[in-house]
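Data first, discussion second: the structure below is written as structure tokens.
FYI, it's all coordinate maths here, none of it is from the lab. Just so we're clear, the structure is a prediction, and the values are computed from it rather than from any experiment. Cβ coordinates were reconstructed from backbone atoms using ideal geometry, including for glycine residues, and neighbour counts include every protein chain displayed.
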Amino acid sequence: MNARAVLEVEDLEVHYGLGRRRRRVLDGVSLTVSGGEAIGLIGETGSGKTTLARAVLGLVPFSRGRVVIDGQDVSKARARQWRDLRRAGVVQYVFQDSLRSLDPDLAVGKSLVEPLLIQGMPRAEADARARAFLDRVHLDADLLGRLPGALSGGQRQRVAVARALVTEPKLIILDEPVSALDSANRVLVLEILKGLRESGIALVFISHDLGSVAGLTDRIAVLYQGELVEVGPTRSIINAPQHVYTRLLIDSAPTLRSAAAKRSERESLRALLHA
Amino acid sequence: MVLSVRDLHIRDQVTGQEIVHGISFELTPGKVVGIVGESGSGKTLTCRAALGILPDQLEVCAGSITLAGHDIAELSVKQWTGLRGSTISAVFQDPSSYLNPSIQVGPQIAEVIRVKKKVRRREARNQVLQLLRSVQLRHPESVYSQYTYELSGGMLQRVLIAAAIAADPEVLIADEATTALDVIVQAEILDLLAELRERTGLALVVVAHDLAVVAQLCDEVLVMRQGDVVEQGTTQDVLYRPQHEYTQLLIAEHEQYGLDRFLNAPELEQA
């Protein structure tokens, strides 16, 4: 492979709960994402998509496996190492609810410059960079003084994307970033994300909206009950899914043309999956 | 004709402002009409008018709604009670908010059957189990005695559909009924509605902001914007030959990141 691996996940296993309630939510997941590559993570609610993202971000401990971010093994990283990694801004994330990824008491401008000031960037330079990135997500500099609560959902999510970009990360993890947006803002945010790949950033895009996954990503990984059941180029996963679960997932997505026709197909796939 | 909405106008009595400016459609048994449009376009208000549950300060100021031969403007409260559930019924987006969290779900549906069909408890329970089976819940006996918090979103929506069809209505309104569910469960619910329509002749009004959801189920589509119907016609015509620029925009936005664009033609796929 030409492009360098930005994220390597090897044989990852995560458990939730203790004692008799302990259950495995991720089972032997391995995945590599290169710079400039966008990978889509799909699967139903509870399949482990968000847990995988959280484990990579160091927010959930894992019982087995290895996570390497930009060449750094973070599997045994302690709080201090994570703090340095986060400060360097190598990995960033955007959640569905932008009120959660942004500090509600911090004006947009402050949210954008804070990570840069922590890194020791001079004030003037940080301000200029904040303006540049706001412009990159098609937002006006007038918004710099506003609180996140005073923005529309679409504006706020674009601010969250700008904040994730401002430290020039190698990897961005996006968990359902467009699910709460109306269709105009959805297209706008997806176009911005698409532009990022060209600047060499690796994207992990988690979504149950197969249309946006198909339009944005190079490869798709399918999670089912904590296991990766299928990984492959987006085009072939969408058009020639192999695993029964992936086939049901693709056939279930509402489309303008053929969805009703696939009803009997879906019924037999459901029977197969639950057998 | 089961439900006929003719040139319906809805007005805010307090501000005097008209919110819905003339919407018409007709439902015969087994027919499915879809209403699409952004939030605030008047989709839900139209449904609420048909159910006789408009918010207090809103009123139907012109046009008429006829439900199973009755002009609903002339219905008394008692007559409405007789019609709701047994002639017209509805499911909405958030199923958990329509069920009592401290009562098992089965008895809540049984209550509907006891009141509407005047049957004994044991018989009502049997009918509920039958209903839970008909909405494809896998373990009806155990679902019967579960509480809402023990069920997933998809299971709850099935329970709600079971409750909505418990008194054999002729019309079911599904207002964003699958919006909060993930793709696989959404398809299961839509397939269930299609199956109910074929098996029982249930007529449906499907409200969604997602054009593809409506495309999957409906014979006729109404596109609403700011209280106006900007386009109305067969699903085929509206989707494939949209006339109004707003419909064209909705379709363009869907297609830019819609799965259609990335799927091979369905004929090729079948081969």
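Based on alpha-carbon atoms only, what is the radius of gyration of chain B relative to the globular estimate 2.2 N^0.38 Å? Spell out each step's value before the answer.
On the way: Rg = 19.2 Å, N = 271, 2.2 N^0.38 = 18.5 Å.
After normalising by residue count via 2.2 N^0.38 Å, the value is 1.04.
Counting DSSP beta bridges in the range B:1-142, what percent are antiparallel, to the nearest 5?
Details: 17 of 18 bridges.
Among the beta bridges of the range B:1-142, antiparallel pairing accounts for roughly 95 percent.
What net charge is computed for the residues neighbouring B:Leu51, neighbours being all others with C-beta under 14 Å from the C-beta of B:Leu51, Lys and Arg scored +1, Asp and Glu -1? Walk me through the numbers before you get to the answer.
Numbers: positive: B:Lys43, B:Arg48, B:Arg84; negative: B:Glu170, B:Asp175.
My count for the surroundings of B:Leu51 gives +1.
What's the magnitude of the charge dipole for the protein assembly as shown around its Cα centre, counting Lys and Arg as +1 and Asp and Glu as -1 at the beta-carbon? Answer in Debye, nearest 20.
Rounded to the nearest 20 debye, it is 2080 debye.
Using +1 at the Cβ of each Lys and Arg and -1 at the Cβ of each Asp and Glu in the protein assembly as shown, identify which of B:Gln17, B:Ala164, A:Pro254 lies farthest towards the dipole's positive end.
B:Ala164
I need A:His208, B:His9 ordered by Cβ neighbour count within 10 Å, fewest first.
Values: A:His208 21, B:His9 17.
In increasing order of surrounding Cβ atoms, one gets B:His9, A:His208.
Quick check for me: using +1 on Lys/Arg Cβ and -1 on Asp/Glu Cβ, what's the dipole size of the range A:2-128 about its Cα centre, in debye to the nearest 20? Could the numbers behind the result be given before it?
Numbers: 19 positive and 16 negative charges, 149 e Å.
With Lys and Arg at +1 and Asp and Glu at -1, about 720 debye.
Once label points are set 7 Å from the Cα along Cα→Cβ at both B:Glu150 and B:Ser96, what is their separation, rounded to one decimal in nm?
The answer from the label model is 1.6 nm.
I need the phi-derived Karplus couplings for the range B:81-91: 6.51 cos²θ - 1.76 cosθ + 1.60, θ = phi - 60°, integer Hz, Gly and Pro marked x.
Karplus values, whole Hz, x for Gly and Pro: 4, x, 7, 5, x, 8, 10, 10, 8, 8, 10.
Enter the angle in degrees (range 0 to 90, nearest 10) between the Cα long axis of helix A:79-88 and the first principal axis of the Cα atoms of chain A, meaning the one along which they spread out most.
70
Would you work out which of A:Val94, A:Val74, A:Leu52 lies farthest towards the positive end of the dipole of the range A:40-133, given +1 charges on the beta-carbon of Lys and Arg and -1 on that of Asp and Glu, about the Cα centre?
The residue sitting farthest along the positive end of the dipole is A:Val74.
Whole-Hz ³J(HN,Hα) for each residue in the range B:172-185, computed from phi via Karplus 6.51 cos²θ - 1.76 cosθ + 1.60 with θ = phi - 60°, x for glycine and proline: what do you get?
10, 9, 10, 9, 6, 5, 10, 4, 8, 9, 7, 3, 5, 5
Using the Kirkwood radius over C-alpha pairs as Rh, can you work out the diffusion coefficient of the protein assembly as shown via Stokes-Einstein at 37 °C, viscosity 0.692 mPa s, in µm² per second? Before the final figure, lay out each step's value.
Working: Rh = 25.6 Å.
It diffuses with D of about 128 µm²/s by this estimate.
If you project the alpha carbons of the range B:1-157 onto the principal axes, what extent comes out on each, in Å, largest first?
Over the range B:1-157, Cα extents along the principal axes are 50, 31, 30 Å.
Taking the Cα centre of the range B:88-170 as origin, work out the dipole magnitude from +1 charges on Lys and Arg Cβ and -1 charges on Asp and Glu Cβ, in debye rounded to 20. All intermediate terms of the calculation are to be shown ahead of the outcome.
Values: 11 positive and 7 negative charges, 85 e Å.
The dipole magnitude comes to about 400 debye.
Bin by bin, in steps of 10 Å, what percent of the Cα pairs in chain A do you find, going until the bin that has the longest distance?
6, 27, 34, 23, 8, 1, 0
Measuring from label point to label point, each 7 Å out along Cα→Cβ, what is the A:Lys194 to A:Ser264 span in nm?
3.7
Evaluate E = 1/(1 + (r/R0)^6) for A:Arg64 and B:Ile53, where r is the Cβ-Cβ distance and R0 equals 45 Å; express this FRET efficiency to the nearest 0.05. List each step's numbers first, then the result.
On the way: r = 54 Å, r/R0 = 1.21.
My answer for the efficiency is 0.25.
Quick one: net charge of B:Leu3's neighbours, Cβ under 10 Å, K/R +1, D/E -1? Before the final figure, lay out the partial values.
Numbers: positive: B:Lys31; negative: B:Glu26, B:Glu170.
Charge balance in the 10 Å sphere: -1.
Give the whole-number value, in cubic angstrom per residue, of the convex hull volume spanned by the C-alpha atoms of the range A:121-242. All intermediate terms of the calculation are to be shown ahead of the outcome.
Working: hull volume 15.3 nm³, N = 122.
Expressed per residue, the convex hull around the Cα atoms of the range A:121-242 is 125 Å³.
Which three extents, in whole angstrom, do the alpha-carbon atoms of the range A:26-181 cover along their principal axes, largest first?
Taking the Cα atoms of the range A:26-181, the three principal extents are 48, 35, 29 Å.
Per-residue HN-Hα couplings for the range B:247-259, Karplus 6.51 cos²θ - 1.76 cosθ + 1.60 at θ = phi - 60°, whole Hz, x for Gly and Pro?
Those phi angles translate into 4, 4, 5, 4, 5, 4, 5, 5, 6, 4, 10, x, 5 Hz.
Sort B:Ile65, B:Ile10, B:Ile103 by Cβ crowding within 10 Å, fewest neighbours at the top. Walk me through the intermediate numbers first.
Values: B:Ile65 20, B:Ile10 23, B:Ile103 12.
With the sparsest Cβ surroundings first, the list reads B:Ile103, B:Ile65, B:Ile10.
Got a sec? How would B:Met224, B:Met155, B:Met1 order by Cβ neighbour count within 10 Å, fewest to most? Before the final figure, lay out each step's value.
Numbers: B:Met224 25, B:Met155 20, B:Met1 13.
Final ranking by Cβ density, sparse to dense: B:Met1, B:Met155, B:Met224.
What FRET efficiency comes out for B:Ala252 versus B:Asp71 if R0 is 51 angstrom and r is the Cβ-Cβ distance? Round to the nearest 0.05.
Numbers: r = 41 Å, r/R0 = 0.80.
Calculated value: 0.80.
Would you calculate the separation in nanometres between label points at B:Arg122 and A:Ala180, each defined as 7 Å from the Cα along the Cα-to-beta-carbon direction?
If labels sit at B:Arg122 and A:Ala180, their model points lie 5.2 nm apart.
For B:Leu3, which sequence-distant residues (separation of 5 or more, or a different chain) have an amide H within less than 5 Å of its own amide H, given hydrogens modelled in the peptide plane?
Close amide H contacts, sequence-distant or interchain: B:Leu27, B:Ala68.
If you fit an axis through the alpha-carbon atoms of helix A:153-165 and take the longest principal axis of the Cα set of chain A, what angle between them do you get, 0 to 90°, nearest 10?
80
Largest first and to the nearest Å, give the Cα extent of the range A:1-112 along each principal axis.
Computed over the Cα atoms, the extents are 46, 40, 31 Å.
What whole-number distance in Å separates the alpha-carbon centres of the range A:207-261 and the range B:9-46?
The two parts, judged by their Cα centres, are 35 Å apart.
Using the Cα gyration tensor of the range B:15-101, with a ≥ b ≥ c the square roots of its eigenvalues, what is the shape: rounded (a/c below 1.5), prolate (a/b larger than b/c) or oblate (neither)? Display every interim value, and only then the final one.
Values: a/c = 1.23, a/b = 1.06, b/c = 1.16.
Judged from the Cα gyration tensor, the range B:15-101 comes out rounded (a/c under 1.5).
I want the local charge near A:Gln119. Using Cβ-Cβ distances under 12 Å, sum +1 for each Lys or Arg and -1 for each Asp or Glu among the other residues. Walk me through the numbers before you get to the answer.
Details: positive: A:Arg86, A:Arg87, A:Arg129; negative: A:Asp84, A:Glu114, A:Glu125, A:Glu168.
Within the 12 Å Cβ shell, the charges total -1.
Between B:Gln17 and B:Ser39, take the C-beta separation as r, use R0 = 22 Å, and let me know the FRET efficiency to the nearest 0.05.
On the way: r = 17 Å, r/R0 = 0.79.
After rounding, the FRET efficiency stands at 0.80.
Starting from the Cα gyration tensor of the range A:173-275, take the square roots of the eigenvalues, sort them a ≥ b ≥ c, and report rounded, prolate or oblate (rounded when a/c is under 1.5, otherwise prolate if a/b is larger than b/c, else oblate).
Judged from the Cα gyration tensor, the range A:173-275 comes out prolate (a/c at least 1.5, a/b above b/c).
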